[in-house]
Amino acid sequence: MRATVCLPTYNELENLEPMIRALAGVLREGDRVLVIDDASPDGTGELADRLAAELPFVGVLHRAEKEGLGPAYIAGFRRALADGAELVLEMDCDFSHDPQAVPSLIAVAEAGADLVLGSRYIPGGAIPNWGAGRRFISRGGNIYAQIWLQSRLRDLTGGFKCFRAKVLETIDLDAITARGYAFQIETTYRVVQAGFKVVEVPISFSDRELGHSKMSRAIVLEAIWHVPLLRLRALVGRL
Ligand SMILES: Nc1nc2c(ncn2[C@@H]2O[C@H](COP(=O)(O)OP(=O)(O)OP(=O)(O)O)[C@@H](O)[C@H]2O)c(=O)[nH]1
Ligand SMILES: [Mg+2]
């Protein structure tokens with residue numbers, strides 16, 4: 001199945017080229033990478049254009065302003081589907097998600113899963129660099145979402161995923177409003193609610209070494225209020 005890896009970027013100048021080269025080493029004939037750049041001031045978008053001119057499997061979607069991960073991914077999903085992708089992957093461009101793990105996500109989707117989640121919180125998953133405090137917050141966030149959404153999935157906030165195209169064609173992308181972590185929770189929840197098969201595969205999550213995190217208090221707060229809202233909407237049948 002032809003896969004497109006969606007790679008959202010905002011100021012990832014140091015990471016973009018090594019990431020594209022690493023993906024070149026693991027993707028197959030016909031697979032693609034779509035960089036979705038929100039007018040990064042550091043020139044990431046121009047670098048993406050140069051790489052796309054050199055490497056036929058690379059495409060670039062330029063967006064006018066930074067609107068958060070959610071809207072960037074939705075625009076990327078639409079482009080990937082229009083270009084005929086059969087599998088659509090999400091992954092960060094900061095090497096937190098190991099490009100070497102991409103084939104394992106693709107293999108599980110090809111074996112029949114509708115959505116594959118790279119999971120830090122199932123046996124075999126790991127976050128080697130995180131201390132107790134960060135683990136506690138991330139685990140707490142996942143348990144919070146699990147309880148509200150009555151889900152058994154262990155990693156609802158992660159952003160290393162592989163969707164079958166039909167899944168993205170079925171769920172209502174226009175209705176998704178979340179931008180940060182909540183976007184990851186919301187997409188997975190909608191996929192589960194639509195009756196699709198979701199499978200977690202273990203991944204090791206590393207901290208970024210180059211560039212800066214775009215995480216903010218607003219992103220965390222959004223997740224806190226958005227999760228109960230998702231449940232409420234599902235209960236009144238307006239997911
Ligand atoms: N296009 C686009 N990409 C974004 C935006 N915000 C973040 N990204 C990208 O999304 C990916 C994840 O962002 P990070 O800044 O690493 O955020 P994070 O992984 O949630 O947080 P950390 O764990 O602190 O790294 C990276 O590739 C970013 O460049 C945005 O508003 N638009
Ligand atoms: Mg990151």
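Averaging Cα coordinates gives a centre for segment 62-124 and one for segment 167-239; these two points are 13 Å apart. Dividing the radius of gyration of the alpha carbons in segment 57-124 by their Kirkwood radius gives 0.98 for Rg/Rh. Of all DSSP bridge pairs formed entirely within the chain, close to 25 percent run antiparallel. P(r) for segment 139-239, from all Cα pairs and a bin width of 5 Å, is 2, 11, 23, 24, 20, 12, 5, 1, 0 %, short bins first.
Loop-resident trypsin sites (Lys or Arg not before Pro) (DSSP state other than H, G, I, E or B) in segment 131-239 with no more than 10 further Cβ atoms inside 10 Å of their Cβ: R152, R238.
Sorted fewest first by neighbouring Cβ atoms within 10 angstrom, H226, H97, H62 come out as H62, H226, H97. Fewest neighbouring Cβ atoms within 10 Å first, the residues S119, S204, S213 line up as S213, S204, S119. Sorting F95, F160 from the fewest to the most surrounding beta carbons within 10 angstrom yields F95, F160.
I need the shape label for the chain. Rule: rounded when a/c is under 1.5, else prolate if a/b > b/c, else oblate, with a, b, c from the alpha carbon gyration tensor. Rounded, since a/c falls under 1.5. With the simple spin-label model, which puts each label point 7 Å out from Cα in the Cβ direction, the L235 to S104 separation comes to 3.8 nm. Translational diffusion of segment 39-95 was estimated from the Stokes-Einstein equation, with Rh taken as the Kirkwood radius over Cα pairs; at 10 °C and 1.306 mPa s the coefficient is 126 µm²/s.
Using the Stokes-Einstein relation with a Kirkwood hydrodynamic radius computed over Cα pairs, the translational diffusion coefficient of segment 1-137 at 37 °C and a viscosity of 0.692 mPa s comes to 209 µm²/s.
We did not get these values from a lab; they are worked out from the coordinates using the rules stated. Quick caveat, the model's predicted, so the values are computed rather than measured. Here Cβ is always computed from backbone atoms with ideal geometry, including for glycine, and neighbour counts include all displayed protein chains.
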